[in-house]
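Since the structure comes first, as structure tokens, the remarks are kept for the end.
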Amino acid sequence: MSRFRLMRNAIVFDDGGMNLLSSEALCELRDLLPTGEPGNRETGQPLTFRSARPGLFAAGADMAEMQRFSPRDAHEFAALAQELFDAIERLPCLTVALIDGDCFGGALDLVLAFDFRFATPRARFAHPGARLGIVTGFGGTSRWQKVLTRRAAHQLFLANRGLSADEALAMGLVDRVAESHEEALASLENVDARLVKELTIHADRLSRAEMLLVARRLAGIYSS
């Protein structure tokens, strides 16, 4: 059974259970990522990711599978997730994680790869690795620096503190809390973010002069 469905500009996650990020699920999501120009430039619709299961976004990595890992298996599993999340981060369109319900562990690492995280009031966030004696291998401990303060990251990754939607908003983990996904997405109507994303992806490798040159060239391409 397929765990993910691509519906217009949305990827919908439903594995029939807890929406676990097993190695098979990660491979399936990787193969489903758009390879052309995802999103709809004319309508400004971003590529969204959401769960089909009420009250649950995703429960994180498949711990039962991880218990069977050899050291090599664990390394390959972490590398697979990191490559997938990097690919999501590099997508040229605007990407939005729509979170309704529990978003735990590796699922929290996953949503940090999206441009925006919109939550409903029912969303809850936690990273229970510290309680389990493990450190996430999915890249969340480095990617958090783009959105969280050090104090907030310590609350999640070290203190094993769970966050409500409002607490996550106050800490910068989510960008908006709204009763419905449609209400939250309305703020992104008619946004074409490809130019800005292209610049931010390469910002750490370009000088200011090079950034300006790329911006001019991209602007010329998009206006032609």
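Quick notes on this one:
- The condition (being surrounded by 15 or more Cβ atoms within 10 Å (Cβ to Cβ) and either touching a Phe, Trp or Tyr at 6+ places or on another chain (Cβ under 7 Å) or closer than 19 Å to Arg53 by Cβ (or both)) is satisfied by just one residue among Thr141, Thr136: Thr141.
- Contact map, the stretch 6-30: residues that are under 28 Å from Leu188 (Cα atoms) and modelled with pLDDT of 95 or more paired with residues that are crowded, with 16+ Cβ neighbours inside 10 Å and of a type in the set (Ser, Thr, Tyr), Cβ distance under 7 Å, separation 6+ or inter-chain. Pairs shown: Phe13/Ser51; Asp14/Ser51; Asn19/Ser51.
- Taking the stretch 95-111 as the range and being open to solvent by 10 Å² or more (accessible area, probe 1.4 Å) and either in contact with a helix residue (DSSP H, G or I) (Cβ under 6 Å, 6 or more places away or on another chain) or hydrophobic (A, V, I, L, M, F, W, C) (or both) as the test, only Phe104 passes.
- Among the conditions (1) assigned to a loop (DSSP other than H, G, I, E, B); (2) under 30 Å from Glu183 (Cβ atoms), Thr136 misses just one, which is (2).
- Answer residue from the stretch 112-127, given it is part of a strand (DSSP E or B) and among the charged types (D, E, K, R) and is least open to solvent (accessible area, probe 1.4 Å) among those: Arg117
- Odd one out for Pro92, checked against (1) open to solvent by 10 Å² or more (accessible area, probe 1.4 Å); (2) touching a Leu at 6+ places or on another chain (Cβ under 6 Å); (3) at pLDDT below 95; (4) not hydrophobic (A, V, I, L, M, F, W, C): (2)
- Test: residue in the stretch 7-24 that is at negative phi, open to solvent by 10 Å² or more (accessible area, probe 1.4 Å) and among the basic types (Lys, Arg): no
- Of everything listed in (1) modelled with pLDDT under 95; (2) within 15 Å of the chain's Cα centre (by Cα), the single unmet condition for Ala74 is (2).
- Top-ranked residue of the stretch 64-75 - restricted to ones that are in contact with a helix residue (DSSP H, G or I) (Cβ under 8 Å, 6 or more places away or on another chain) and part of a helix (DSSP H, G or I), ranked as least open to solvent (accessible area, probe 1.4 Å): Glu65
- Sole exception among (1) open to solvent by 40 Å² or more (accessible area, probe 1.4 Å); (2) outside any helix (DSSP H, G or I); (3) at pLDDT 95 or above for Phe57, by number: (1)
- Gly129 being free of Cβ contacts under 8 Å to residues at least 40 places away in the same chain and not aromatic (Phe, Trp, Tyr): yes
The values are calculated or read from the model by the stated rules, or taken from the named source; none is laboratory data. All values derive from a computational prediction rather than experimental measurement. For neighbour counting, all protein chains shown are included, and Cβ atoms are generated from backbone atoms with ideal geometry for every residue, glycine included. Note: areas computed on protein heavy atoms with side chains; ligands, DNA, RNA excluded. Shrake-Rupley method; radii C 1.70, N 1.55, O 1.52, S 1.80 Å.
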